[in-house]
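One structure is given below, encoded as structure tokens.
Where a number appears in this text, it was derived from the coordinates with a stated rule and is not lab data. In this text the structure is predicted, and so the values were computed from the model without any measurement. Cβ placement follows ideal geometry from the backbone for every residue including glycine, while neighbour counts extend to all protein chains displayed.
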Amino acid sequence: MNPDLNKLQPYPFERLNQLKSGITPPAELNHIALSIGEPKHPAPAFVRQEITDQLDSLSGYPNTKGITELRSAIAQWAEKRFNLKAESLNPESNVLPCNGTREALFAITQAIIDRTAKTQPKVICPNPFYQIYEGAAYLAGAKPYFLNCMADNNFLPDYDSVPEHVWQQCQLLFVCSPGNPTGAVTSLEQFQKLIALADKYDFTIAADECYSEIYFDEARPPVGLLEACAELGRHDYRRCLVFHSLSKRSNLPGLRSGFIAGDAEILSRFLLYRTYHGCAMPLYSQHASIKAWADEEHVVANRDLYREKFDAVLQRLNGVLEVSRPDAGFYLWAKTPVDDETFARELFAQQNITVLAGSYLSREQQGKNPGDNRIRMALVAPLEECIEAAERISRFVATL
């Protein structure tokens with residue numbers, strides 16, 4: 001067996017299940033899950049219909065590269081959303097569909113990391129982080145280097161703190177913007193600074209932007225890495241890759257549909273990897289995805305639902321927990337009056353609400369675990385459940 005498998009840590013939800021093991025919550029209270037970032041809003045009816053209409057495609061093998069119509073729809077959406085130069089995102093060379101961002105983030109790491117480097121390659125990650133970054137790094141033969149995202153830096157990594165030798169060993173930098181779990185958004189200037197560092201030290205930037213379409217100010221959508229490239233006149237997107245998904249944007253996590261776009265040279269080699277990897281998107285998913293990327297009306301309506309929930313929950317948690325509205329995304333990253341594991345366990349035991357202990361999403365770095373005394377709450381449940389959860393949490397905190 002691959003010895004690097006021994007470096008993988010239990011997934012956060014495995015640890016959460018262990019934390020809750022043996023506890024019987026009050027039977028008279030319905031369970032409210034705020035732990036998993038799984039959208040609960042209805043999937044668009046026109047996408048469901050398209051899947052039904054495309055069932056005959058089950059008799060055909062899909063192409064790894066995806067159909068031209070899907071890559072074109074993705075390119076057109078990205079160019080409009082991120083203010084890119086018209087036709088600068090070539091559907092033939094700058095775009096690849098993928099089965100959600102999760103598999104693509106893992107796979108690109110395997111394709112990019114050079115195991116033959118004289119020193120062990122490093123993958124720079126935010127901390128807290130999406131655990132795929134860490135696991136992908138280890139299984140590619142690299143070592144993750146975590147950058148703490150703390151409140152005093154607006155929950156953004158402090159790239160100025162990275163030592164010279166770490167930049168020299170870096171082969172891949174993960175950016176998550178909007179951040180999971182903090183909701184912090186990387187600025188245009190910060191992206192451009194990272195592009196300059198990538199040029200100087202010859203590493204690839206992988207920007208996980210799967211939460212980019214859930215935000216609160218319609219006039220100020222989160223910027224993206226390709227947008228930063230375009231502002232620099234860098235229309236070849238050299239060393240830059242972005243990852244997007246329909247899971248959060250369109251409430252389609254079960255469709256397993258997303259894309260990776262950017263540097264054509266990297267993507268050409270990545271296509272070779274994916275051909276062997278065997279991860280072509282089913283044709284019915286591709287056709288349904290075309291419909292989803294082409295429509296913005298359902299995405300705006302989706303943001304309205306989240307906006308309403310954040311308003312209601314934050315109103316009820318004001319003065320109860322130290323928590324504020326994030327820049328974007330659908331998580332609250334709340335500070336707890338007791339340690340996060342105790343808070344999560346006792347909240348479940350007393351109020352039948354599941355939240356995720358923040359320390360499960362982080363690693364200790366420089367003597368700190370930035371998830372200590374924090375919990376992640378995903379406001380994915382219906383409005384009424386979110387309101388009820390906030391009221392129960394208020395009652396629970398009053399007992400501490």
Exercise. Can you give the net charge of the other residues whose Cβ lies under 12 Å from the Cβ of GLN351, counting K and R as +1 and D and E as -1?
Worked result: -1
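Under the classification rounded if a/c is under 1.5, otherwise prolate if a/b is larger than b/c and oblate if not, where does the stretch 8-53 fall, given a ≥ b ≥ c as square roots of the Cα gyration tensor eigenvalues?
Working: a/c = 4.12, a/b = 1.79, b/c = 2.30.
The shape class here is oblate.
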Seminar exercise, completed: Relative to the chain, whose Cα atoms define the longest principal axis, helix 297-317 and its Cα axis are tilted in degrees, nearest 10, by 30
For this session: Would you please classify the overall shape of the stretch 17-127 from the alpha carbon gyration tensor, given that a ≥ b ≥ c denote the square roots of the eigenvalues, rounded means a/c under 1.5, and beyond that prolate means a/b larger than b/c while oblate covers the rest?
Result: oblate
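Where does each of TYR130, TYR284, TYR211, TYR276 land when they are ranked from fewest to most other beta-carbon atoms within 10 angstrom?
Details: TYR130 23, TYR284 19, TYR211 27, TYR276 8.
Result, fewest neighbours first: TYR276, TYR284, TYR130, TYR211.
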Exercise. Which of the lysines could a cross-linker span from LYS7 if the Cα-Cα distance has to be under 24 Å and same-chain partners fewer than 8 positions apart are dropped?
Worked result: LYS118, LYS122, LYS143, LYS368
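How would you order 139-146, 180-187, 259-266 from highest to lowest mean count of nearby Cβ atoms within 10 Å? Could the numbers behind the result be given before it?
On the way: 139-146: 19.9, 180-187: 23.9, 259-266: 22.1.
The most tightly packed comes first, giving 180-187, 259-266, 139-146.
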Seminar exercise, completed: Rounded to the nearest 10 degrees, the helix 68-81 long axis (Cα) sits at an angle to the longest Cα principal axis of the chain of 60
Exercise. Of all DSSP beta bridges in the stretch 45-295, what percent run antiparallel (nearest 5)?
Worked result: 35
Exercise. Got a sec? How would ARG220, ARG345 order by Cβ neighbour count within 10 Å, fewest to most?
Worked result: ARG220, ARG345
Seminar exercise, completed: The exposure ranking of HIS235, HIS244, fewest beta-carbon neighbours within 10 Å first, is HIS235, HIS244
Problem set entry | Whole-angstrom gap from the stretch 108-171 to the stretch 301-380, using each part's C-alpha centre | 25
Exercise. How far is helix 283-293 tilted off the main Cα axis of the chain, in degrees rounded to 10, range 0 to 90?
Worked result: 70
